[in-house]
1. Please label the shape of segment A:87-166 as rounded, prolate or oblate, based on the square roots a ≥ b ≥ c of the eigenvalues of the alpha-carbon gyration tensor (a/c under 1.5 means rounded; beyond that, a/b larger than b/c means prolate, else oblate).
2. Once the Cβ-Cβ distance between B:Met68 and B:Asp323 is put in as r, and R0 is 30 Å, what FRET efficiency do you end up with, to the nearest 0.05?
3. Ordered by residue, what ³J(HN,Hα) values in Hz, to whole numbers, does segment A:304-310 give under the Karplus form 6.51 cos²θ - 1.76 cosθ + 1.60, where θ = phi - 60° and Gly and Pro are x?
4. In Å³ and rounded to a whole number, note down the convex hull volume per residue for the Cα atoms of segment A:123-286.
5. Counting pairs of alpha carbon atoms under 8 Å apart in space and at least six apart in sequence, what relative contact order in percent does chain B give?
6. Return a whole-number percent for the relative contact order of segment B:79-163, with Cα pairs under 8 Å and 6 or more residues apart as the contact set.
7. Taking the Cα centre as origin and putting +1 on Lys and Arg beta-carbons and -1 on Asp and Glu beta-carbons, what dipole magnitude results for the protein assembly as shown, to the nearest 20 debye?
8. Ranking A:Met90, B:Met68 by Cβ neighbours within 10 Å, fewest first, what do you get?
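What follows draws every value from the coordinates through simple rules; no lab data is involved. The structure presented is a predicted model; accordingly, all values stated were derived computationally and were not measured. For neighbour counting, all protein chains shown are included, and Cβ atoms are generated from backbone atoms with ideal geometry for every residue, glycine included.
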Protein chains: 2
Amino acid sequence: MLFALDVMGGDKAPAEPCKGAILACREDEELSVALVGAEDAIRPYLESAADSVRSRISIVKANEVIGMGDNPSASIRSKKNSSLRVAMEMVRSREAVGCISAGNTGAIVAGGVLIVGRIKGIDRPGLAVPIPSLKKTTLLLDVGATVRCKALNLYQFARMGAIYMRSLTGIENPSVGLFSNGSEDIKGDGVISAAREMLASESAVNFEGFVEGKDLPIGLTDIVVCDGFTGNALIKFGEGIGEMVKVMIREEIESRLLPKIGAMLMMPALRKMAARFEYETNGGSPLLGVDGIIVKAHGNSRDRAIAGALHVASGFARLKGTDVIKESFESRA
Amino acid sequence: MLFALDVMGGDKAPAEPCKGAILACREDEELSVALVGAEDAIRPYLESAADSVRSRISIVKANEVIGMGDNPSASIRSKKNSSLRVAMEMVRSREAVGCISAGNTGAIVAGGVLIVGRIKGIDRPGLAVPIPSLKKTTLLLDVGATVRCKALNLYQFARMGAIYMRSLTGIENPSVGLFSNGSEDIKGDGVISAAREMLASESAVNFEGFVEGKDLPIGLTDIVVCDGFTGNALIKFGEGIGEMVKVMIREEIESRLLPKIGAMLMMPALRKMAARFEYETNGGSPLLGVDGIIVKAHGNSRDRAIAGALHVASGFARLKGTDVIKESFESRA
């Protein structure tokens, strides 16, 4: 199973993506990865790889890069030889099963729509992030692919999210919450009310009504659906809080002796806690609704996170997740 | 200076509001409070108060209650003898300088608009919450008064928030960030772009452009402006994370010895950290844009939080905050 990895995307490119590919291939013997990017930059990282791994890693040349500040649609259209575009083309041509990138999120979404293409019947794709909470891992979508949504988009996110969660976790009938500004029926706006009605009358979705901000860290439902603006606000706020907690602990440790000893004893627990907020490093975010597997890794991903994103992609591919979504939406748009 | 306190609002009514009023009057000799609610329920709590405090506390009878599940506008209109409505009427008649309630947020906003009335030139009010962050306290508004906003609303929130922050903190020219899904100019939607343009060309506002979720816990700007849906999502999510952190620490303490000792030594620091997420207990949320002082306390406020909300209200009253907002908007709509 070959996956195309955009090694030029992300803050730590190309080093960490290259290392991540080696790590993932070592962990999964059925995995093959095409490293897409500047050949000279990639080659040094491959020298350390064992032959059994090296034989499953190839280099696909691409001499342009889409930067974090580039306009998403414009750059995916014009930079025809960019690593991201070339990786996406490999998915479109079925040369690769899927593509992984830690690069410009907007360009990944634009490439998903413009190069790989949407699944028939899907109005807009949704980027999903697994969020660890007290009781379970909740899949939150959309976190930025579709900034403002129609009711139809929220409804489709719920159906796609349910298929994804069922495939990956084995939960037969994952529960779905619709994000709103309160749990009472009168909350939300016109779009959210309309989506609520669509979901309540959809037998294929185990819909549990509205959830609000405080329900997310508790883990009330397996899936939470919201528009991309809200989802983006939430995951970035959570990441910011994780950073704040780290700084506060550090300051506390530096200031006095007792908390210092306390923090040392608690360190594994505190680390575990802080790691919960690094949502995207906990796996990788699938772009659901496109005709191929696209997984976004966090911009500051290290090798471990890149390998995690590759495993997410291959796991969904093994379960033929894209086909399941296609069948669900083609049988009845 | 007399303030009307809705003692029937909130999860711990009427005990904690009554105790909070006594506490606040003890701390501030210029403060007088009218406890609005069921006389029989209030009287027992006043017995313990010293004469110097008791003399500044009065009871105003109101025999109806607006519950947390009641429809906001409908209940504020129909329940004419509810504690919240009576307290609001006291502000309208200028009998009281302001009103404080830990009750139904929607009803507080509806009462602010329908009973107290908006300031001339203000399109919609904004509910503001001070959020402690690493560098400073950031005022976030709106957190639920105006679920979906026009650009004009966001622009007016920025101007009102700046006046409020200037009054309360003495910061001469508080910085304002407009919440978006990224810091680049192309982010946001049509409403946010239009608000950005309005703010960029407004000399009375020290506008610093877009801020995103991760900037909030850092404290990039003194004020952050967003629509009520987003603000509500953020503060509730933060509160939920605070709860999650508490549960995780408890589980860690119960499970093994070393973290247990560590947690005990760190407890003051951990408590301080968890308290940061209890946004509304850190003061009280002013409803800006109405013609009188209205401060919302958190639904689960204890006496300390109610007293805090009373101090916020009296502090803003001393600085004639409502008049300053009125002058600013009446001179040029």
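1. Numbers: a/c = 1.76, a/b = 1.41, b/c = 1.24.
Note, shape of segment A:87-166 comes out prolate.
2. On the way: r = 33 Å, r/R0 = 1.09.
For B:Met68 and B:Asp323, the calculated efficiency is 0.35.
3. 3J(HN,Hα) across segment A:304-310, in whole Hz: 4, 5, 5, 4, x, 5, 5.
4. Values: hull volume 18.8 nm³, N = 164.
Convex hull of Cα atoms, per residue: 114 Å³.
5. Working: 710 pairs, mean separation 75.8, N = 333.
Relative contact order of chain B: 23 percent.
6. Numbers: 77 pairs, mean separation 17.6, N = 85.
Dividing the mean separation by the residue count of segment B:79-163 yields 21 percent.
7. Numbers: 80 positive and 80 negative charges, 23 e Å.
With only Lys, Arg, Asp and Glu charged at Cβ, the dipole is about 100 debye.
8. Working: A:Met90 23, B:Met68 14.
By the 10 Å Cβ count, ascending: B:Met68, A:Met90.
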